[in-house]
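Comments concern the structure below.
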Ligand code: SR1
Ligand code: MG
């Protein structure tokens with residue numbers, strides 16, 4: 001019989017104390033449940049006398065954001081721990097250290113990153129992160145390349161694909177990103193002033209065709225081990241350091257989905273600037289900073305990914321002249337499409353972003369929402385014509401100036 005039950009704060013302390021090498025023997029431990037995400041319990045356990053701390057994260061058997069009516073596998077805790085360990089091996093220092101896992105209790109016990117801030121909040125507060133493009137492009141290039149058929153043993157990859165089958169979490173994405181925003185689904189949630197915009201999404205057959213192609217890629221293209229939910233709420237940050245957290249949606253899917261998640265969340269923040277940057281000149285500067293970050297991420301990602309391929313490629317036939325260029329262009333096109341899909345879902349779908357939802361003025365919020373929809377739908381519609389990241393920047397600037 002399973003020993004699983006949701007932990008109390010006192011039980012989190014007891015478990016944390018049993019992890020060797022973190023806390024001093026003497027000294028009281030304090031525990032606080034700090035989870036503000038959609039799915040899990042997160043306990044911060046600290047020892048004031050030593051200044052030491054750690055995180056106990058526990059998956060709940062349902063989606064917290066909806067309640068017990070939406071059951072959800074506990075196996076996502078195993079997936080998260082295993083993904084974190086693979087990511088640490090491939091991109092050292094860019095994820096929290098895992099101290100202990102317990103699959104029965106669905107626990108991951110890991111490094112406390114309280115010295116960092118959740119990037120979404122940091123951006124809302126006007127933070128500038130000069131190291132971010134470098135770090136996230138490293139993370140993306142190394143994790144995606146070395147778990148793909150380009151950079152790892154292709155038979156071992158097939159076994160890894162099996163252990164990262166993540167059907168329930170993938171189903172959430174398949175529905176909330178690649179279906180519900182494009183129909184009048186019960187799960188959708190949007191401000192009443194967006195009714196006509198939503199109806200436009202529901203009836204746009206050209207858009208639906210492109211979404212169908214992206215959905216097909218998400219369902220079938222086991223290209224590399226993805227983080228699977230790489231938005232700015234899954235990134236802890238300081239100006240000097242980046243840590244990617246929360247890979248419970250990890251599975252083998254199309255690389256552009258992870259790259260697109262990062263770019264989409266920077267662009268959602270871009271769309272919200274009329275509220276968060278009050279001064280016109282500061283707003284202009286902020287928008288430039290965000291678009292420059294988007295550009296740097298792709299450019300650095302591409303050059304790092306190509307260098308890894310040239311230095312560590314495992315497949316002879318993939319070395320054929322022209323194949324790498326063709327591959328990178330398809331990857332850029334996927335990135336455009338997934339960036340767009342990730343933006344649209346945050347405006348009309350179930351789960352939104354604070355960057356936009358926290359804008360108190362209805363009119364300013366509506367402008368931000370429509371800007372995000374306009375950038376998102378343009379990216380989806382134009383994805384298969386993309387040849388340069390400059391086109392993405394252009395789409396964002398044009399939508400903003402229209
Ligand atoms: C029911 S879960 C809703 C969303 O939260 C997660 O962070 C994923 O983005 C998911 O789609
Ligand atoms: Mg999460």
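The values are calculated or read from the model by the stated rules, or taken from the named source; none is laboratory data. Just so it is clear, the structure is predicted and the values come from calculations on it, not from any experiment. Positions of Cβ are generated from backbone atoms using ideal geometry, with glycine treated the same way; all protein chains shown enter the neighbour counts.
Under 9 Å by Cβ, and 6 or more places apart or on different chains, what pairs join a residue from the range 340-351 that is under 12 Å from residue 268 (Cα atoms) with one that is part of a helix (DSSP H, G or I) and at pLDDT below 95?
none
Spot the failing condition for residue 340; the list is (1) part of a helix (DSSP H, G or I); (2) in contact with a helix residue (DSSP H, G or I) (Cβ under 8 Å, 6 or more places away or on another chain); (3) more than 16 Å from ligand 1 (Cβ to nearest atom); (4) under 27 Å from residue 130 (Cα atoms), and only one is missed.
The one condition residue 340 does not meet is (3).
If residue 142 passes every condition in (1) within 18 Å of the chain's Cα centre (by Cα); (2) surrounded by fewer than 20 Cβ atoms within 10 Å (Cβ to Cβ); (3) more than 16 Å from ligand 2 (Cβ to nearest atom) but one, which one does it miss?
Going through the list (1) within 18 Å of the chain's Cα centre (by Cα); (2) surrounded by fewer than 20 Cβ atoms within 10 Å (Cβ to Cβ); (3) more than 16 Å from ligand 2 (Cβ to nearest atom), residue 142 breaks only (2).
Among 79, 86, which is the only one that is within 16 Å of ligand 1 (Cβ to nearest atom), within 22 Å of residue 143 (Cβ to Cβ), at pLDDT 95 or above and crowded, with 17+ Cβ neighbours inside 10 Å?
The unique qualifying residue is 79.
With respect to residue 303, is the statement that it is loosely packed, with under 15 Cβ neighbours inside 10 Å and in a helix (DSSP H, G or I) true?
yes
Keeping to the range 173-214, report how many residues are assigned to a helix (DSSP H, G or I) and more than 16 Å from ligand 2 (Cβ to nearest atom). Before you say what the answer is, go through the steps one by one.
Let us first name the residues in the range 173-214 that are assigned to a helix (DSSP H, G or I), namely 173-176, 180-182, 192-203, 205-214.
Filter once more, so that each one left must be more than 16 Å from ligand 2 (Cβ to nearest atom): 174-175, 180-182, 192-203, 205-214.
Total satisfying the criteria: 27.
Here are some residues: 65, 42. Which one is within 16 Å of ligand 1 (Cβ to nearest atom), in contact (Cβ under 8 Å) with a residue 24 or more places away in the chain and at negative phi? Break it down stepwise before answering.
Working: 42 fails: in contact (Cβ under 8 Å) with a residue 24 or more places away in the chain.
Going through 65, 42 in turn, just one is within 16 Å of ligand 1 (Cβ to nearest atom), in contact (Cβ under 8 Å) with a residue 24 or more places away in the chain and at negative phi: 65.
Restricting to the range 233-281, what's the tally of residues that are touching a helix residue (DSSP H, G or I) at 6+ places or on another chain (Cβ under 9 Å), in a helix (DSSP H, G or I) and more than 14 Å from ligand 1 (Cβ to nearest atom)?
Qualifying residue count, the range 233-281: 13.
Condition first: within 16 Å of ligand 2 (Cβ to nearest atom), under 18 Å from the mean Cα position of the chain (by Cα) and in a helix (DSSP H, G or I). Can you find one or more residues in the range 215-225 that meet it?
Scanning the range 215-225 turns up no residue that is within 16 Å of ligand 2 (Cβ to nearest atom), under 18 Å from the mean Cα position of the chain (by Cα) and in a helix (DSSP H, G or I).
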